[in-house]
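Structure first, then comments.
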Amino acid sequence: MRIVLAILVLVLAAAGALAVRSNDPSAVAATDAAPATTTTATATTTTAAPEPPMLGQALALSVLDGWLQTDISALDDLHGQVVIVWFWTFGCYNCKNTIPYLQDIYAQYHDKGLEIVGVHSPEFDYERDPDSILTAAQDLGVTWPIALDTDRHNFHAWQGSPAYWPRTYVLDQDGLIRFDHVGEGAYDELEQTVATLLGA
């Protein structure tokens, strides 16, 4: 009987100790404490845009029937500037679709050293008249210089065969071709080429 009482006393004492421990604020704080965390700083690096490829020396614009919306008389007059050479004709649907993107690039970079030359190479007879070209340019918002390539001499000399409307080139300050694209699209790449060459 004494042994049983002794065991009972020990059990009650142990239970009391546990009860005290569970009500101990420090004990609760210890068990509820958030696990330790380690914060590691992540290094960020900025990757410079790659240099546009060198695609060869641009030809001159020759055998032209004149220029519109400019005082220049040759592509060489723009040496030292970044130049977009854009072959187009005003009746071309795809050419018209590229104009808003060229307008945006022209507005952003013209004051930083960009020029655009629209080489107008007509596909149909009604596109050959300079007055019609000028009217269409004004209606379409083409405000940059226009070279009149009425017999498509430069259209074929620059592109070979087949040749396309539109075709867009970017020339660097030394007259080297650094971008060449047929048709619509590649507008981000076009702008990035211009920005890189201008250091903008």
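The values are calculated or read from the model by the stated rules, or taken from the named source; none is laboratory data. The structure presented is a predicted model; accordingly, all values stated were derived computationally and were not measured. When we count neighbours, we look across all protein chains shown, and the Cβ atoms used for this are built from the backbone with ideal geometry, even at glycine.
In this structure, Ser73 does not satisfy being at pLDDT 95 or above, part of a loop (DSSP other than H, G, I, E, B) and outside the structural domain of Val182 (by TED's automatic domain parsing).
Tell me, please, whether a residue that is among the hydroxyl-bearing types (Ser, Thr, Tyr) and within 16 Å of the chain's Cα centre (by Cα) can be found in the range 108-115. Before the answer, list the steps.
Our first condition is that a residue be among the hydroxyl-bearing types (Ser, Thr, Tyr); within the range 108-115, this holds for 109.
The next check asks that each one be within 16 Å of the chain's Cα centre (by Cα); those that pass are 109.
Checked against the condition, which is being among the hydroxyl-bearing types (Ser, Thr, Tyr) and within 16 Å of the chain's Cα centre (by Cα), the range 108-115 yields at least one hit.
Identify, please: which residue in the range 76-92 is assigned to a loop (DSSP other than H, G, I, E, B) and touching a strand residue (DSSP E or B) at 6+ places or on another chain (Cβ under 9 Å) and is, among those, surrounded by the fewest Cβ atoms within 10 Å (Cβ to Cβ)? Reasoning before the result, please.
Going residue by residue through the range 76-92, those that are assigned to a loop (DSSP other than H, G, I, E, B) are 79-81, 89-92.
Restricting the remaining residues to those that are touching a strand residue (DSSP E or B) at 6+ places or on another chain (Cβ under 9 Å) gives 81, 89-90.
On the way: Gln81: 16, Thr89: 23, Phe90: 23.
That would be Gln81.
Within the range 158-175, residues that are farther than 24 Å from Lys96 by Cβ and in contact (Cβ under 8 Å) with a residue 12 or more places away in the chain sit with their Cβ atoms under 8 Å from residues that are exposed (fewer than 14 other Cβ atoms within 10 Å of the Cβ) and among the polar types (S, T, N, Q), at 6+ positions apart or across chains, in these pairs: Gly175/Gln57.
Residues checked against (1) out of contact with any His (no Cβ under 6 Å at 6 or more places or on another chain); (2) hydrophobic (A, V, I, L, M, F, W, C); (3) modelled with pLDDT under 95:
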site: Ile116; (1), (2), (3): yes, yes, no
site: Glu123; (1), (2), (3): yes, no, no
site: Asp131; (1), (2), (3): yes, no, no
site: Thr150; (1), (2), (3): yes, no, no
site: Thr168; (1), (2), (3): no, no, no
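The criterion of at least 3 residues that are of a type in the set (Val, Ile, Thr) and crowded, with 20+ Cβ neighbours inside 10 Å is met, among strands (runs of 3 or more DSSP E) falling completely within the range 93-200, by 114-120. Thr44 fulfils the conditions (1) at pLDDT 95 or above; (2) assigned to a loop (DSSP other than H, G, I, E, B) except for a single criterion, (1).
Give all pairs with beta carbons closer than 8 Å in which a residue from the range 133-153 that is in contact (Cβ under 8 Å) with a residue 24 or more places away in the chain and within 11 Å of Lys96 (Cβ to Cβ) meets a residue that is among the hydrophobic types (A, V, I, L, M, F, W, C) and buried (at least 20 other Cβ atoms within 10 Å of the Cβ); count only pairs at least 6 apart in sequence or on separate chains. Note: pairs meeting the criteria are Ala136/Phe90; Ala136/Val142; Leu140/Phe90.
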